Amino acid sequence: MIKPINATMPGKSGTDAYISPMLDIDGVSVHSLAERFGTPLFVVSEKQLRRNIRMAKRAFSTRLPKVVFAWSYKTNYLDAVCRAFHQEGSWAEVVSGFEYDKALSNGVPGDHIVFNGPSKNREDLEKALKNSSLIHIDNLDELYMLVELAGELQCRPQVAVRVNLNAGTLPVWDRFGFNLENGQALDAVSKIMSFGCMDLRGLHCHIGTFILSSKAYGIAAQKLADFACDIRRLFGVAVEYIDMGGGFASKNTLKASYLVGADICPSMDDYAEEIADAFHKAPFGKGEFPALLLETGRALVDDAGFLIASVLTNKRSAQGGRYTVMDAGVNLLFTSFWYNHKISPAQLYSQHFENTTLYGPLCMNIDVVREQVSLPLLNKGDLLVVHNVGAYNMTQWMQFITLRPNIVMIEENGGTKLIREAEKFDDVTRLERL
Amino acid sequence: MNKAIVGLVRMDFVTSILKSYSSVFFSQSRLFGALLLAVSFSSPLSGACGLVCCVIVNLLSWFMLDCKPKVVSGFYGFNAVFAGIALGVFLPFGKVLVWLVLASSLLVFLIEVWLESRMSGRGLPFLVFPFLITLWTVLLLLQQTDSLVGFGMTFSESSASVLGRFFSGLAEVLPNFAEEYLKSLSFIFFQVDVFCGLLIACGLLCFSRIASFFSLFGFAVAYLFYSFFDGGFFNVPFAYVGFNFILTSVAVGCYFVIPSWRSLAWCAALVPLQFLVIYSSSRLFSYLYLPTFSFTFCLVSVLFLQMLRLKERTGGLLLADDIMNTPEETLYEAKVSKKRLADLSRLCVSLPFYGEWRVMQGHDGQFTHKDAWRYAWDFVIDGESGLQYDEDGSKLSDYYCFGKPVTAPFDAVVESVVESVADNEPGCDNLLQNWGNYVLLRNGELYSLICHLKRGSVKCVAGQTVLRGEVIGLCGNSGHSLYPHLHFQIQKSPFVGDVTLKYPLDGYLKRVGEDVRFQSGYPAENDVVRNIPIAENLCKVYNFADLKSIMASSEKFGSERWLVRADRYGARYLDCEEKGAKAWFVNDGKTFRFVRFEGCRRSNLYYFFLSSYKILLCDEVQWTMEDEFSLSVQKRGVVAVLQDLTAPFFVFKKLRFYAEKGNNMAKIAEKSITLRTEFRQSVFGRAIDSLTFDISADNSVISSVKVVSGTESFVISFVEERFVYEIK
């Protein structure tokens, strides 16, 4: 992770020929936002959120009879963001008791919560059972615990089996769920059937993250569909849904990428085409065509999030390269460890550009937002907008050295609303005891 | 066990007798039958003869013919009633009478069987022809003997029935017309007695307001006609023939034909004709010394009905296909059910795609859907911005609908396929290969053409069978298509691009703002439509066909057991035996509908019928739906009587059904489902009564219905009993 930084020479792909300033977000001036709410400041565009989910829904629902989106809480569990997705008809996909409670408090009915993840404890499962949520079993210990709880609570758990499989991508994620190819998955299913105390409702797989090949989903969907048909044949149970997980790429640019993400990532339609094709080819019985459940998070929210930061200072490296320090660093931009985030100045600038290393404010050498980025000359106090930060940053951010800043949402009607207040001294120290 | 069967048979048999009597006035009411039976006994001997004849014929048909429901409905009995009563009137008690009662019962029965076989196939009733033939046969014989009491004499004698004497004063008070009307009614039972007539008239009014009205109307027109000719011309007392007008008017005006202005006009128009037939037939039969009786009613009614049957287009006058218990019901059911249930008798055509598409060009469209090709639809997908494409629309892949799956609109055999035509660039056209790549599907007589598909995308071959909803190709831009869209039409021939056929689509969902509404028929231009995503769990909730029975209990009506049954026509119904209530239903996989309710309304079944009148079996989206009840279920009272009377001409009362399904969240298979429905009655547009129902179901089983009416409310809870298949 820690690499020597050398920002003096342009890479082989050259520097950007030009970048355009980003003066406003959804019509609201960046400077006015900074004035009102201070920097750093996260901004979420409600318009873009809804646009994304509607586009995704259209891509899938025009290809398959029944499609359900479950909002992946870990991607961004701000209530305002979750509720926007729930309003658009999305369920909740949670991976912890904390997220589960959050989904409930957002008014999601228990049976519209998908409980995933490798670490569900007893209390979490009890809660999920009482609300008849869909529990995606990750391991055998969880399965046995469910059997035990079903007896204790006198209820029928509604479960799906999480399957891992080889869809032709590397690395093969085999840490979650049961492997399909070596028979673990079938073993888990037959255990569920022989216990007979729970309902097998679906199958789940999640082949990886930021998958740049839509074909992989076609392979995975075909394998799962075939598995579903096998289960139907062997046990007489037709699963009601197949959950293809998430992992669709957003418009971000991975660090190793030669071209920018927006140019090489498959579109929602590409993913939909592959999955739908595989489903339509599968020999499902009449009236048994399963619903498709999707837990895509990143692709729906990434480009709806922006971070406004202001320049603290400019410096020169020992070699003479330019360093710019801004007031938002890896404490807020966890994703900058693997993305080259697009950065735009928020004011007009001269024609002079220079390769720059963009640092955050932390007193840590790793606090680098961009190792090299071509930026115009900036003054102290100038604003920068970091793009595509909607996914993971607002959940994986750290209270480290500084406090966490405000988050505002620009509503569909153009209004601005504070959706999470900046942390205060008390918020952090309140929990401490001497 | 045996006892129960015997009891049941007895019960059914008594019913068959009573219904034989009420059938005289085209009624199925046992009470009315009992009243008529009593009236017939105002002359005890003829009453007894009528009953004996009826019993004999019903017994014969019960054991000889294998069609009990018909026997129970009095189908064979009413001719015997007439024959028996007539014999009792014409003959004194004695050996001859006994012989003739037995013999003519048999004759009535034989003639009925023969006439039924000749006429039923043509959809015609035999009316009282069997009685006429039998009576004429007997009268011809009696002319040889001294036993004939005499026709003319009978009236003066028997009119002095016991009760009749007390009420003979009544006749003096009544105006002439009313007296004649009542006498004519009683003459149907071979009496000329105002009091008997009054009883019959009251019974008729209780049974059906419309029938009463039509009988009075027909009679009044005839009476006026008779008075116009001053009676002298006809030299027969009006009372002797007046009943013909009553019966014809009821039969042709409101029983076999759906009552309306037109049927009323026809009733009037048939009066002069009936006079002609009455007097010419009495002249004809006088050569044989036979009376004409109800010959006129039979002949004129049958001729008229035959004309309606043969007519291809009946104009405004409609024969009642489903004859219900009363003309009111027939009318109300015909008015509502025709619309409501039309889709059950035709091949259902779905939209040929998944998801929401917009009708870019509908029927009689502005671009190409004209003349012979007017009944077609063009569909596209709109984006967030209202445009059909993303980016600048210069590439085919910018268009949202391009490459989207196209599905078969019905189960079909693939008739022909073309898939080699290149897709046009946006804005370009290919008029030489007008239809581009297409799939032509066939189911029976119906063909569907789906075209402008993407090159090489067709997923079926000619001769292959495809099922509704199966992907058959991808939307493209080939042929006469400037921008990607899907062209869809129904036609009657296997020729590509032949004349289009106006054929309604099966139920679909139409977006109206944030709302989704259930519709069927013809989507209009710019409608945003999608197929109904069927919820298997809701299907299961309303799939009563798999059940044996349902126990429904509430505080208000106690506990009821509903059996799930099917009648001879395969129509399913819930049968609450202890209360004598039945509710017919259909579940076509898209909607659950109650078709009809019959019997006791003070029952859980009645409220369940109201609550689930029409349920869309879809819970993936939020939807609303409206429907109309037939007026048969209107609240009884003065308003209802008025509405019944005016119903053939004017409907001021409306009974509406509303249903809605909760939140917008996508569903896979919810364990618990809630629905809210409403039943509203309004008079002249003003709401007078409304009921709200909250239906809830758990684990694919209906659990409760909460009924709220104003301040009062009660809960019906359900327990289902499934079939247990035993192997013996």
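The values are calculated or read from the model by the stated rules, or taken from the named source; none is laboratory data. These figures come from a predicted structure and were not determined experimentally. Don't worry about glycine lacking a Cβ; one is built from the backbone with ideal geometry, like all the others, and counts go over all protein chains shown. Each accessible area value is taken on the protein alone, full model and side chains, heavy atoms only, with ligands, DNA and RNA left out. Shrake-Rupley method; radii C 1.70, N 1.55, O 1.52, S 1.80 Å.
Quick notes on this structure:
- Members of A:Lys57/A:Lys251; B:Lys540/B:Lys635; A:Lys47/A:Lys215; A:Lys215/B:Lys404 lying beyond 23 Å, as alpha-carbon distances in this model show: B:Lys540/B:Lys635; A:Lys47/A:Lys215
- Hits among lysines - C-alpha to C-alpha of B:Lys95 under 30 Å, sequence gap 8 or more where chains match: B:Lys19
- Relative to the dominant Cα principal axis of chain B, helix B:238-250 is inclined by about 10°.
- Rounded to the nearest 20 debye, the dipole size of chain A about its Cα centre is 580 debye, using +1 on the Cβ of Lys and Arg and -1 on the Cβ of Asp and Glu.
- Scanning residues 5 or more positions from A:Leu377 or on other chains, those with amide H under 5 Å from its amide H are A:Ser350, A:His352, with H placed 1.01 Å from N in the peptide plane.
- Shape call, chain B: gyration tensor on alpha carbons, a/c limit 1.5: prolate
- Those aspartates and glutamates that a straight Cα-Cα span of less than 14 Å connects to B:Lys671, excepting residues fewer than 8 apart in one chain: A:Asp111, A:Asp199, A:Glu240, B:Glu536, B:Asp619, B:Glu620, B:Asp698
- Selection among B:Ser493, B:Leu453, B:Cys401 by position relative to the dipole of the stretch B:357-503 gives B:Ser493 as farthest towards the positive end (Cβ unit charges, Cα centre).
- For the stretch B:121-138, backbone phi angles converted through the Karplus equation (6.51, -1.76, 1.60; θ = phi - 60°) give residue-by-residue couplings of x, 9, x, 10, x, 8, 6, 10, 3, x, 4, 4, 4, 4, 5, 4, 4, 5 Hz, Gly and Pro being listed as x.
- Cα-based shape type of the protein assembly as shown, given that a ≥ b ≥ c are square roots of the gyration tensor eigenvalues and the cut on a/c is 1.5: prolate
- Between helix B:2-22 and chain B: long-axis angle, C-alpha atoms, 0 to 90°, nearest 10: 70 degrees
- In order along the stretch B:294-303, the Karplus-derived 3J(HN,Hα) couplings, from 6.51 cos²θ - 1.76 cosθ + 1.60 at θ = phi - 60°, round to 9, 4, 4, 4, 4, 5, 5, 4, 5, 4 Hz, and Gly and Pro are given as x.
- Other residues within the sphere of radius under 14 Å centred on the Cβ of B:Ser186, judged by their own Cβ, net out at -2 (K and R +1, D and E -1).
- Student exercise, the protein assembly as shown dipole from Lys, Arg, Asp, Glu Cβ charges, in Debye to nearest 20: 1900 debye
- Taking every protein chain into account, the accessible area of the stretch B:321-450 amounts to 42 square angstrom per residue (probe 1.4 Å).
- Residue among B:Leu87, B:Trp373, B:Val529 farthest towards the positive dipole end of chain B, charges placed on Cβ: B:Leu87
- Å² per residue, accessible surface of the stretch B:536-722 at 1.4 Å: 41 Å²
- Taking all pairs of distinct alpha-carbon atoms in the stretch A:46-302, Kirkwood radius in angstrom: 18.4 Å
- In the protein assembly as shown, taking the dipole from charged Cβ atoms about the Cα centre, the farthest positive-side position among A:Gln184, A:Met409, B:Leu288 is held by B:Leu288.
- Accessible area in square angstrom per residue, the stretch B:1-152, 1.4 angstrom probe: 44 Å²
- Sequence-distant lysines (8 or more away, or on other chains) whose Cα lies within less than 20 Å of B:Lys339: B:Lys502, B:Lys510, B:Lys590, B:Lys614, B:Lys653, B:Lys654
- Taking amide hydrogens as placed 1.01 Å from N in the peptide plane, the amide H of A:Ile25 sits under 5 Å from those of A:Val30, each at least 5 positions away in sequence or on another chain.
- Net charge of neighbours whose Cβ lies under 13 Å from the Cβ of A:Leu129, counting Lys and Arg as +1 and Asp and Glu as -1: -2
- Shown for chain B: the carbon plus sulfur share of the solvent-accessible area, taken with all protein chains present and a 1.4 angstrom probe, equals 60%.
- Neighbourhood charge, 10 Å Cβ-Cβ cut-off, centred on B:Thr692 and excluding it, Lys, Arg +1 and Asp, Glu -1: +1
- The C-alpha atoms of chain A define a longest principal axis, and helix A:268-281 lies at about 10 degrees to it.
- Chain B, relative contact order in percent, only Cα pairs under 8 angstrom and at least six apart counted: 8 percent
- The B and A chains share an interface that buries close to 2500 Å² of accessible area, total over both sides, probe 1.4 Å.
- Overall, the accessible surface of the stretch A:46-302 at a probe of 1.4 angstrom is composed of carbon and sulfur to the extent of 52 percent.
- In order along the stretch B:42-48, the phi-based Karplus estimate (6.51 cos²θ - 1.76 cosθ + 1.60, θ = phi - 60°) of 3J(HN,Hα) comes to 5, 10, x, 5, 5, x, 5 Hz; Gly and Pro are listed as x.
- Where labels lie 7 Å past Cα in the beta-carbon direction, separation of A:Leu377 and B:Ala571 in nm: 9.1 nm
- The GNM of chain A, with springs linking C-alpha atoms under 10 angstrom apart, assigns the highest mean-square fluctuation among A:Ser29, A:Ser317, A:Ser350 to A:Ser350.
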